[in-house]
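What follows draws every value from the coordinates through simple rules; no lab data is involved. Here the structure is a predicted model, which is why all the values come from computation and not from measurement. Cβ: placed from backbone, ideal geometry, glycine included. Neighbour counts: every protein chain shown.
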Amino acid sequence: MKLNTILLDIAEGVATVTLNRPERLNAFTGEMHAELRQALAMIAADASVRALLITGAGRGFSAGQDLSERMMSPAAAKVDVGDSLDKNYNPLLKRLRALPMPVVCAVNGVAAGAGCNLALACDIVIAARSASFLQAFARIGLIPDAGGTYTLPRLIGTARAMAAAMLAEQISAERAEQWGLIWKCVDDDKLSDEARALTRRLATQATKALGLMKRAIYASAANTFERQLDLERDLQREAANSEDFREGVTAFKEKRPATFTGR
Ligand code: LHQ
């Protein structure tokens, strides 16, 4: 598959997608969205893939929507930007959330606009200490999209979400970690190795259970306690039907490490 704007690598159970327009801080274009669709379809169809890592090439993670695309030009005010959310961003976010495996995001530099919110929609976010998170939208008269108005208040609470959105100030990776916006930040020179090791480790775990965990935890935001208990029961049934559950219990009894296959 020939790709111009992203890189896709699949090895040792891990798929790595690298946003690859470093001269534009990996800003999203229509072409990049089309390539991301292709890559995610391949990943979803490849039974060997048990974890996904998303990162960016160069000094930024992603500056969000490419502002030089025609859709974003003030002269094209009649163009419906909602169409781009419908066709490009929203399906991408939904696909990542629905992927039945862990999605790790390694934020290597600035993550702005939809680039920030793509990162925040991933399951585990690890960032370089020099990276930053910017809800850039207010600076150009827009509202946070790509899931931002959903993920931000859930991750950091309404007070911080509101100020992050309205003030559009850069949030350092260290502050993002303190706030619980991300899992953790690490020294810049360790990011790549740590993110790879973390994703590889996840790829050796009980993939079915991790995929079901993800479903349960994201569903909790809109569920009552009672409905969530019912959901846990249903998903636990599925988890307990896996080969990995049998292996996990057998390994425990035999006092040896479990070897999970993802089945
Ligand atoms: C860029 C961009 C960029 C093009 C840097 N586009 N070139 C989706 C679709 C539908 C509706 C609307 O909303 C959306 C979602 C969105 O994402 S809207 C929000 C779009 N993003 C932004 O508003 C962020 C714009 N970028 C910035 O504010 C800065 O570039 C940040 C703070 C990210 C980084 O600042 P610096 O580190 O100082 O880098 P820089 O500004 O010098 O950028 C480097 C180059 O990248 C530069 O090009 P040049 O030719 O001068 O070297 C920028 O023009 C280019 N670039 N972001 N989004």
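Things to note:
- For the chain, built as a Gaussian network whose Cα springs stay under 10 Å, the top-fluctuating residue of Gly157, Gly60, Gly13: Gly157
- Gyration tensor (alpha-carbon) shape descriptor, the range 46-102, a/c threshold 1.5: oblate
- Volume of the Cα convex hull of the chain, divided per residue and given in Å³: 140
- By average C-beta atoms within 10 angstrom, highest first, the peptides 118-124, 253-259: 118-124, 253-259
- Value in Å of the Kirkwood radius, where the range 153-263 supplies the Cα pairs that are averaged: 17.1
- Residue-span extension gain [Leu229 to Ala138] - 0.36 nm each, minus C-alpha spacing: 28.9 nm
- In range of the label at Ala11: residues from the range 188-203 whose backbone nitrogen is under 14 Å from the point 7 Å along Cα→Cβ: 193, 196-197, 200
- Considering only Arg21, Arg160, Arg129, the Gaussian network model of the chain with Cα springs below 10 Å gives its largest mean-square fluctuation to Arg160.
- Taking the chain as a whole, the Cys residues whose C-beta sits 4.7 Å or farther from every other Cys C-beta are Cys116, Cys185.
- Fluctuation leader among Leu19, Leu85, Leu40 - the chain, Gaussian network, Cα springs under 10 angstrom: Leu85
- Approximating the spin labels as points 7 Å out from Cα along Cα→Cβ, the Val79-to-Thr259 distance works out to 5.4 nm.
- Extents of the range 80-196, largest first, come to 42, 33, 21 Å (Cα atoms, principal axes, whole angstrom).
- Restricting the trypsin sites (Lys or Arg not before Pro) of the range 75-110 to loop positions (DSSP other than H, G, I, E, B) with no more than 11 neighbouring Cβ atoms within 10 Å leaves Lys78.
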